[in-house]
Amino acid sequence: MKYVTITANSYEEALKKAEEDYGKNIRIHSRRDYSVGGGLFSRKRNKCDLTLYIPEGERAEKKVNDDESILEFEKEARTPDPESLSSSERLNTEVYRGSLEKISKAEKILKQNDISEPLWSVLLNDFPLDQKVELEISKRLIDSIRIKNGISNKYQVLLGPTGSGKTTTCAKLAINYNKSGKNVFIISLDSYRVGSFYQIRKLTDALCIPLKTVSDEISFISALKEAEDADVVLIDTMGLSKNDDELNLKLKSMLNNLNRANSEYIFVSSSTTKIEDMDALYEIYCSYMRLDSLIASKVDECFTLGTLLSFSYRHKLPFIYLTNGQRVPEDIESAESMNILRYLKSLDLDIDRFDHQVLS
Ligand SMILES: Nc1nc2c(ncn2[C@@H]2O[C@H](COP(=O)(O)OP(=O)(O)O)[C@@H](O)[C@H]2O)c(=O)[nH]1
Ligand SMILES: [Mg+2]
């Protein structure tokens, strides 16, 4: 019996091509639906491999054009009778089915974690069939997560929308730097939200960490002078909104006074924010500054960290810290792949043993 595999953009197209090339007597052995492309610069395209054969001894023309016959063919394609197959044919069918099941399981995990393009395609392309799905996704995630290990720049600017946790994170960082023996200075540009400012003032006063609030460019320049001898200058900014051009311009002109080469611009984003909102704000910031790294805040409140992972990958913005609660200064951790994997769903990992699993 002769077997042929025809590849087309859809099942229907493959069937039509098969009939044109081999006549109406063909029988479908199996089909495989998959997609190709979908990287950063190419669109995802559906493909279908149709494997068919001409039954021995059957010469009668079988009409396959009407709907009923097509349905009949389709049934055969999905559920070939195992009894009618040789062992190697059966194995082939199982491999096809197995691959479909693995891919759809992998897709389900990515959907549950709100993973979007281009990370989606990176995690799925050429998915191997001889690996446990959860393990393979985890390995691919580790390869794709962008991480920055610590900041060496003196000026560290926290940017992001109102309520994302900038002021709280600033206090956590200041206290931790102070504990590690660094001379820290905080400049707050957030004269709008008095509440959180006093909250951090109480904490920093106890450790004698200097804190200056400024509301215009002149006072910002004089605060920078005062902070000249510090090892680290943390700059807490007001929350930017998509629609407040005046505030955006004010922030831009103040930050222009920093030595960019010695400054780290850190985007603080809550892990519960929708990716469309993150993208919109990112575009605004990037219209006048370059962001260097990302703090995933409120990971304790998120269902999955997949949205921020997709955002980080999309904009090549590396993670630097995760914040996981309201306690200052405890609730902050360095971004590490293992920490990040903990906040993803359905990976079914025993994180403590995972290192060994990946290496073995
Ligand atoms: N659950 C949780 N809450 C946080 C975290 N970080 C900050 N918050 C809370 O989020 C709210 C807004 O924080 P704030 O620092 O004022 O945000 P800002 O407007 O960006 O400066 C406050 O109630 C914080 O206690 C975190 O990691 N987890
Ligand atoms: Mg604030």
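The values are calculated or read from the model by the stated rules, or taken from the named source; none is laboratory data. Fair warning: this is a prediction, and the values are worked out from it, not measured in the lab. Cβ: placed from backbone, ideal geometry, glycine included. Neighbour counts: every protein chain shown. Ligands, DNA and RNA are excluded from the accessible area calculation, which covers all protein heavy atoms including side chains. Shrake-Rupley method; radii C 1.70, N 1.55, O 1.52, S 1.80 Å.
Listed here are the helices (runs of 4 or more DSSP H) enclosed by segment 270-360 that have at least 3 residues being at pLDDT below 90 and in contact with a Leu (Cβ under 8 Å, 6 or more places away or on another chain): 275-288, 351-359. Can you find a residue in segment 116-134 that is at pLDDT 90 or above, of a type in the set (A, V, I, L, M) and surrounded by fewer than 18 Cβ atoms within 10 Å (Cβ to Cβ)? For segment 116-134, residues at pLDDT 90 or above, of a type in the set (A, V, I, L, M) and surrounded by fewer than 18 Cβ atoms within 10 Å (Cβ to Cβ): present. Being within 21 Å of SER138 (Cα to Cα), open to solvent by 10 Å² or more (accessible area, probe 1.4 Å) and not small (Gly, Ala, Ser) is a condition met by at least one residue of segment 330-337.
Has segment 179-200 got at least one residue that is part of a helix (DSSP H, G or I) and away from ligand 1 (no atom under 16 Å from the Cβ)?
Within segment 179-200, one or more residues are part of a helix (DSSP H, G or I) and away from ligand 1 (no atom under 16 Å from the Cβ).
Scanning segment 1-17 for residues that are within 11 Å of ILE54 (Cα to Cα) and either open to solvent by 90 Å² or more (accessible area, probe 1.4 Å) or at pLDDT 85 or above (or both) turns up MET1, LYS2.
Only one entry in GLU301, GLU330 is out of contact with any Ser or Thr (no Cβ under 8 Å at 6 or more places or on another chain) and of a type in the set (Asp, Glu), namely GLU330. Being open to solvent by 10 Å² or more (accessible area, probe 1.4 Å) and within 16 Å of ligand 2 (Cβ to nearest atom) is a property that SER215 has. Within the option set ALA223, ALA206, being in contact (Cβ under 8 Å) with a residue 12 or more places away in the chain and among the small types (Gly, Ala, Ser) holds for one residue only, ALA223. The set of residues in segment 258-310 that are without any contact (Cβ under 8 Å) to a residue 40 or more places away in the chain and β-branched (Val, Ile, Thr) contains only THR272. Within segment 229-255, being part of a loop (DSSP other than H, G, I, E, B), open to solvent by 10 Å² or more (accessible area, probe 1.4 Å) and within 16 Å of ligand 1 (Cβ to nearest atom) holds for GLY239, SER241, LYS242, ASP244.
Test LYS179 against the criterion of being away from ligand 2 (no atom under 16 Å from the Cβ), surrounded by fewer than 20 Cβ atoms within 10 Å (Cβ to Cβ) and at pLDDT 95 or above, and give yes or no. Spelling it out, it is not the case that LYS179 is away from ligand 2 (no atom under 16 Å from the Cβ), surrounded by fewer than 20 Cβ atoms within 10 Å (Cβ to Cβ) and at pLDDT 95 or above.
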